[in-house]
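First comes the structure, then the notes that go with it.
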Amino acid sequence: MNAAETETPMACIQEQEHGVGYDYAKGSPHILHHGIRERVVAGINRSVGSVLDRKGSCRVLELGAGHGAFTDHLVATGAEVEVTEMSAPSAAVLKHRFRHNRQVTVTYDPDGESLSGGSPLDVVVLISVLHHIPDYLRAVEQLVERITPGGAFMSFQDPLWYPRRSRSSMSLDRSAYLIWRLGQGEARRGIATRLRRIRGVYDESNPADMAEYHVVRHGIDEKALQNLLEPAFGEVKLDCYWSTQSRVLQALGERLAPPTTFGIVALNRH
């Protein structure tokens with residue numbers, strides 16, 4: 001089965017969840033909170049900068065760019081950027097937003113063809129994307145194959161592998177999310193979703209169970225991802241941190257709570 005066949009059903013779910021008028025900032029800690037945002041921007045500058053310093057130009061692929069919250073930072077580095085989106089409404093927003101910028105190409109990619117197709121790349125960027133992809137390790141393998149020698153790979157804002165985390169870590173994480181959800185006036189949805197999680201039941205027609213695919217299952221195996229990248233790159237660094245939606249709980253968690261989320265930056269492709 002090829003990538004297009006496996007990703008098409010997920011594309012339908014993503015478009016339902018991220019339709020016209022969707023607010024990517026609401027509920028997105030990496031957009032809402034300065035500390036996390038700065039981590040991501042630092043990763044962008046390091047990844048793109050390593051290529052620009054070496055060759056003076058850089059071709060970047062940003063998968064699942066949403067409405068381009070971090071595309072601006074990529075453009076500011078001087079890179080040539082292709083952004084992809086699986087949601088047609090989001091792709092339309094991106095095309096309108098960057099319509100006058102020749103450094104940016106926007107691709108509507110409902111079938112996930114950008115994973116393995118296309119020209120060679122210097123840097124691949126995924127921000128809050130891997131946990132949407134059922135077979136994320138295979139997706140990363142395909143992307144790494146497109147990266148030229150000396151290039152970089154970076155991914156941020158994915159949940160740490162749940163089986164490796166302590167019970168207290170998981171409890172704090174889930175409690176913080178539920179408190180935030182209740183504060184949004186969505187008590188019924190939050191409780192119903194939590195009950196399905198406890199029972200291990202997933203409704204494949206429900207965007208709440210499918211759009212954030214690995215968030216509601218077991219998280220992303222950061223060690224498996226690191227092991228995949230290390231043979232292909234000269235340097236691979238994990239960055240683990242606390243992340244939650246509430247501003248107050250984010251501030252408290254940064255000082256007191258264990259990490260829940262990670263980013264990874266791989267430099268100097270062999």
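The values are calculated or read from the model by the stated rules, or taken from the named source; none is laboratory data. What you see is a predicted model; the values in this text were computed from it and never measured. When we count neighbours, we look across all protein chains shown, and the Cβ atoms used for this are built from the backbone with ideal geometry, even at glycine. In case anyone asks, the SASA skips ligands and DNA or RNA and just uses the protein heavy atoms, side chains included. Shrake-Rupley method; radii C 1.70, N 1.55, O 1.52, S 1.80 Å.
The table for this structure:
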quantity	calculated
Any hit, the range 201-211, residues being over 22 Å from Gly35 (Cα atoms) and modelled with pLDDT of 95 or more	no
Gln142, sole failed condition from (1) open to solvent by 20 Å² or more (accessible area, probe 1.4 Å); (2) closer than 26 Å to Ile36 by Cα	(2)
Residue within the range 104-121 that is surrounded by 16 or more Cβ atoms within 10 Å (Cβ to Cβ) and within 23 Å of Asp239 (Cβ to Cβ) present	yes
The range 231-270 - residue that is assigned to a strand (DSSP E or B) and among the basic types (Lys, Arg) and, of those, farthest from Val48 (Cα to Cα)	Lys237
Residue, nearest to Gly150 (Cα to Cα), within the range 212-246, restricted to residues that are charged (D, E, K, R) and modelled with pLDDT under 95	Glu212
Residue check for Pro149: modelled with pLDDT of 95 or more and either of a type in the set (Phe, Trp, Tyr) or closer than 30 Å to Pro258 by Cβ (or both)	no
Cβ pairs under 9 Å, 6+ apart, first in the range 169-190 and outside any helix (DSSP H, G or I) and among the polar types (S, T, N, Q), second at pLDDT 90 or above and open to solvent by less than 70 Å² (accessible area, probe 1.4 Å)	Gln184/Gln245
Filter pass, Ser155 being of a type in the set (Gly, Ala, Ser), surrounded by fewer than 23 Cβ atoms within 10 Å (Cβ to Cβ) and touching a residue at least 60 places away in the same chain (Cβ under 8 Å)	no
Pick from the range 78-136, criterion touching a strand residue (DSSP E or B) at 6+ places or on another chain (Cβ under 7 Å), in a helix (DSSP H, G or I) and of a type outside the set (A, V, I, L, M, F, W, C), ranking: farthest from Ala266 (Cα to Cα)	Lys95
Residue match in the range 38-55 (condition: open to solvent by less than 50 Å² (accessible area, probe 1.4 Å) and over 23 Å from Gly234 (Cβ atoms))	no
